Each structure stands twice: as structure tokens, then as C-alpha cells.
1. Out of the residues in region B:170-181 meeting the condition of being within 8 Å of chain A (Cβ to nearest Cβ) and either in contact (Cβ under 8 Å) with a residue 24 or more places away in the chain or crowded, with 16+ Cβ neighbours inside 10 Å (or both), tell me which one is farthest from A:Met84 (Cα to Cα).
2. Answer yes if at least one residue in region B:237-251 is more than 30 Å from B:Ile207 (Cα to Cα), assigned to a loop (DSSP other than H, G, I, E, B), of a type in the set (A, V, I, L, M, F, W, C) and modelled with pLDDT under 90, and no otherwise.
3. Among the candidates B:Phe48, B:Phe100, B:Phe68, which residue alone is modelled with pLDDT of 85 or more, outside any helix (DSSP H, G or I) and surrounded by 19 or more Cβ atoms within 10 Å (Cβ to Cβ)?
4. Scanning for something outside any helix (DSSP H, G or I) and hydrophobic (A, V, I, L, M, F, W, C), does region B:107-121 turn up at least one residue?
5. Condition first: within 16 Å of the chain's Cα centre (by Cα) and open to solvent by less than 40 Å² (accessible area, probe 1.4 Å). Now tell me which residues in region B:149-160 satisfy that.
6. Could you count how many residues in region A:150-163 are within 14 Å of another protein chain (Cβ to nearest Cβ), in a helix (DSSP H, G or I) and open to solvent by 10 Å² or more (accessible area, probe 1.4 Å)?
7. Regarding region A:135-149, can at least one residue be identified that is within 21 Å of A:Gly89 (Cβ to Cβ), without any contact (Cβ under 8 Å) to a residue 12 or more places away in the chain, open to solvent by 40 Å² or more (accessible area, probe 1.4 Å) and over 19 Å from the mean Cα position of the chain (by Cα)?
8. Pick out the one residue from A:Val175, A:Val167 that is crowded, with 24+ Cβ neighbours inside 10 Å and either among the basic types (Lys, Arg) or within 14 Å of another protein chain (Cβ to nearest Cβ) (or both).
Amino acid sequence: MSLLQVRDLSVIANNGGRDVTLVDRVSFDLAEGEILGLVGESGSGKTMACRGLIRLLPSANLRVQGTAVSLAGQDLLQLDDAGMRAVRGGQLGMIFQNPGSHLDPLMRIGEQIAEGIRLHQGASKKDARLQAIEVLRQVGIPDPKARVDNYPHEFSGGMRQRAMIAVALGCNPKVLIADEPTTALDVTVQAQILRLLLDLRDQRGLSIIMITHDLGVVAQTCDAIAVMYAGRLCEHGSKYELLAHPQHPYTAGLIDCQPAHSSGHALLRTIPGQPPLLDALPDGCRFHPRCPQAGTLCAEVLPQGARVACHYPLGERP
Amino acid sequence: MSSRPLIAPWRLRLRFGFRNGRLTAAWGLLILLAWLALALFAPWIAPFDPIAQNTDMSLLAPSLAHPFGTDNYGRDILSRVIWGARIDLQLAVVGVIFPFIIGTFIGAVSGYVGGRFDSFCMRVIDVVLAFPFLVLMLAIMAILGPGLKSFYIAMALVGWVSYARLIRSQILVLKESEFALAAKSLGFGHGRILFRHLLPNALFGSIVFSMSDAVLVLLNGAAVSYLGLGVQPPTAEWGTMVAEGQAFITTAWWICTFPGLAIVTLAMGFSLLADGVAQVLGDRS
């Protein structure tokens, strides 16, 4: 059985008495030590799905629905607020895009790491500090014994990202949600951070959900990929299968948009049209107005499918 | 071009000191410390007993024996000003601390909890603000009776509103901040997030405000004493001394002038410190 099983997770916004579904019945599995890349363009609901998972929705108008979200056999949807607080950090950690603003500017790095350790593992102040130094060393901060007493503003961008990973790791979570962890960093630091995440997976058996819109990041790090479009999961599979032989036309379009794939052309390829507004979704498949091979069925019936949500998938897999 | 710096390093440092407000804060602190020293060592510094009357010596102009002159009861003004520092410093500090604590707590909780509790707190603040500050204070002090204790109580009841509004507006911004989200993602409870993470980040503004507020409290205390509700004679207090000297302003100017100058310098000390600290903190963030 997988470590994390998500079944039909929806996030619904109540907009002046009318419900708008932002994330629509998303299901996926995550095994121990697996890295899943959640890919999609801005507004496709990838961040919202993960915020729903950890139940940190940005507004009181949003609510979560679903059949089950089970983490190590425990159904998170059944937990109350206090139960969820124990899961957050301790079992389900999260790191964010902008490390500078996600650290408390007035607290020493070491204290921020130690605070979570003390809360979740009941460690003493002295032990927590020693553990904090150890975690800082693991995430590759040089001279952690001295750096543990620094404030966030004394760290560089890449070091802050490492520090934020250290804060999340201090609580020893089983699953780490990484919400575009490298978007704010330059390319060399980005490569270091991705390397770090891979090392942590290997050393600790950490499972990671990596939210990103960068297929390059996915290709370097992930084991599996889930592609989201307009709040729906449209394709889900192993990295090699999905990148080499995409079956959903949207996935194929995304891969085609990569600059490397259109090197012979004067213009970058794009997918024509705009993603639909979530309160004015088209009937049938949500991608059909932009799809190059939409048939009559596509405009009428919403395609279901755990692996590929498409009526006319591109070429069968070899 | 030579690589020699255009400005000598020591001058650079001096300029830097000017610009980021450290010097301003240092001057303010120096004035406050000077008054504090005078207050602490009053019994040894003051040349005469501040309340001993001597009608033979009344209304003497400033001289070597009495540098600030004497009042209508023949009391030495210099000694009274030095002893008065004890009362007036206490007035400014205690008169700020209680409103600060009460206002910070109510403002923080109100901003963080939001909803109906927040609206309730805001309406209470509106009611307090609807009355002129001094009128409300005088009303409360008239009920409690004159004296320093009722001044502090009245200050706490009226003064917390400014702190509450300041802190609340900061918390409203900070609770949507990304590090608050990060704290939630670590499973921290509301109390820990509010008091350990949000509040320390919200305090800068109120700390600076509290120092300039000390000036207002000091003037308020002087005003209330002047009106006869604060410190009671014969205790030496600057506001009361100004009030008592008023009758002799045309014949003996020194009775009002020296305690008045004392109020001005102490207020300036608080003001300079507040400005300097605001600049230093502003530069940093």
C-alpha cells in the first residue's frame, strides 16, 4: 500500500452562495521515497490541491471534499483541527517558493528549526538545538555551529531555501510538499537545491510532491508526473512514459512548448487559446476548445480515467 | 585614478552615524539618563529640602545661593525641580507601560481572531475615542479621586486604544504573511503563531510610538496636576509648580520658568530617542 493515497480530493470555493470547484476530484498515490511532479500552468489548481491536502486553504470560503486522503493509514479528511495540527509538520511538511518571506525575520534560524523539533518530538531545548545544527549540516549549510545563531537576513537566497527545508525536515515529516521550491532561485542554486532534495529522498526515504511548471525540473528529479489542467488531473504516469510518449493532447502540447523542442522554429510553439475560467467551464472535456484533435464526444462527456483523462488518447503506449 | 578613498574612513563612519539616527537616539538617551541620575541621587544633589518652608526667604530672584530662586513659601526651586524629576519620570514611564501592555494584548488578539470579537473591540475603541482625551481622563479621575494612582488608572483606561489600533493593523497584515503560513504548515497552534511569531514583528511601530507617547503622558500628568487632580501639594512636581507659580508670573518669573524648562527638556529627551530609534529601525527593515 502506498504511503499517501488521495482519492477524489476537491477544493470548492463558495463565491457568494454559488459553488465554484477549483480542484475537481483529484486522485493519486505516493509511495515511500517517491517524488511526484505536479505540473500545470498557473491557475490549474496544483497549489490549491496541495493546500487542500494539508488543509491550509488561503480563505475561509474554501472547503475540502473527498472520498479519502490517507497518510500511513490515517484518513486526514476525518481529522479535526487539533488532529490536523499534529499531522502538519510532523508527518506532512511543506516548503515554499519564496524562502525569504517564509522565515520569521526576527527569529534565529536555529530557533526556528528547534521550535518544530520541540513541538513535535518533545525534545529539550538543548537537544533541539543540537538536532537543529545536525539538520543544518544535512541540508548543506557550511559551518552549521556558527550559522545556527544567524538571522534569515544574514543568509543568501539559496541558503534561505536550505534553511526553510531544514525547518520542515526538523519535524521529521514522511511527506514533503514542495511548492515551486526553485522558482525564485538562479539556475546554479536551483540545481543544488534539487540535488539536495534527491539526497534527502535517498537518505531519509522522504516522499516529495513537487509542484512546478518547469518540465526541466520534473525531468531531473521526479519519478512520476501528474499533469493538471483547469482543476482536473489529465494525465498521470511514470516520468519516462509520460515525457517520451504523452497520451493526453494537453501533455503533448506542454512538452511541445519547451524551447528545446522547437529549436528549428522561428517562434516558440504555444497551445492556442486560454485556459477556461473556473466558473465558466466548457461542457465535456475542459481542454476540448483548445485541443487539436477534439471529436464530437469531447464537447459532451467529461472524460474519466485514472491514467489518461481523454476520449482520444494519442498513440497507445509501446 | 588612484584607489584612495575620497573620504577618510573615520569621516565615513561619522556620517553614517548621523544618517541612521544613532546620534539622535544617543542624545535623547543622554538627556533621559541625566534626568534619571538627578532623580535617583536627588537627596545628595539637591542643596535644600524641597518642602521646607521659610517665609523670610520667599520670592528671592535667582542668585548664587538659590540658582533658580525661591517660591512664595521660600522653598528652593532648584531642589524642587530635582526632586520633581522623581515624580515626573515615574509619571511618564508608568503612564505608558500599562496602556502599552493592555493595548498590545487587546489589539493583537482582536486583529488575529477577527470577526465579531474584532468588531466589538473596534466599537469599544470608537467609543473611547469619541470623547476628548483630557475630558475622559478628568471624568475618571474625578470619580476615583485625586492622586497619582488614579492618574495611572485613568491613563490605562484611556490610553490603550492607540496601542490597540496600531498593533491590530500590523497583525492584520502579518497574519496573511508567508511566514505565518509557514508556521501553520509546521503545525503550530494559534497562540504560538500570534505571540511568538506575529507579535514580535508587529511591535516596532508601537515601541517608537510609546516613546513619543511618553511626552504626551508627561504633559498630561503636568496638565492634570495643574488642574489640581494629580500630584497634591506640597509634593514637588513640575506641573503643579507651574500652576502654583502662575499667580506670580509678572513679579517672579522664575517660579514657572524653571519647572517648565524641565518639562521641555525631559519631553525632548523622549522625542529624540523616539526619532532616533524610528530611524535606526526604519533603516534596518
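1. Across region B:170-181, the extreme among qualifying residues is B:Ser177.
2. yes
3. Step by step, each of B:Phe48, B:Phe100, B:Phe68 is checked, and only B:Phe68 is modelled with pLDDT of 85 or more, outside any helix (DSSP H, G or I) and surrounded by 19 or more Cβ atoms within 10 Å (Cβ to Cβ).
4. no
5. Within region B:149-160, B:Phe151, B:Tyr152, B:Ala154, B:Met155, B:Ala156, B:Val158, B:Gly159, B:Trp160 meet the criteria.
6. Matching residues across region A:150-163 total 3.
7. The answer is yes; a qualifying residue exists.
8. Selected residue: A:Val167, the only one of A:Val175, A:Val167 that is crowded, with 24+ Cβ neighbours inside 10 Å and either among the basic types (Lys, Arg) or within 14 Å of another protein chain (Cβ to nearest Cβ) (or both).
The values are calculated or read from the model by the stated rules, or taken from the named source; none is laboratory data. For clarity, every value in this text was computed on a predicted model and none was experimentally measured. Note: ideal-geometry Cβ built from the backbone for every residue, glycine included; neighbour counts use all protein chains shown. Side chains included, ligands, DNA and RNA excluded: accessible areas come from the protein's heavy atoms. Shrake-Rupley method; radii C 1.70, N 1.55, O 1.52, S 1.80 Å.
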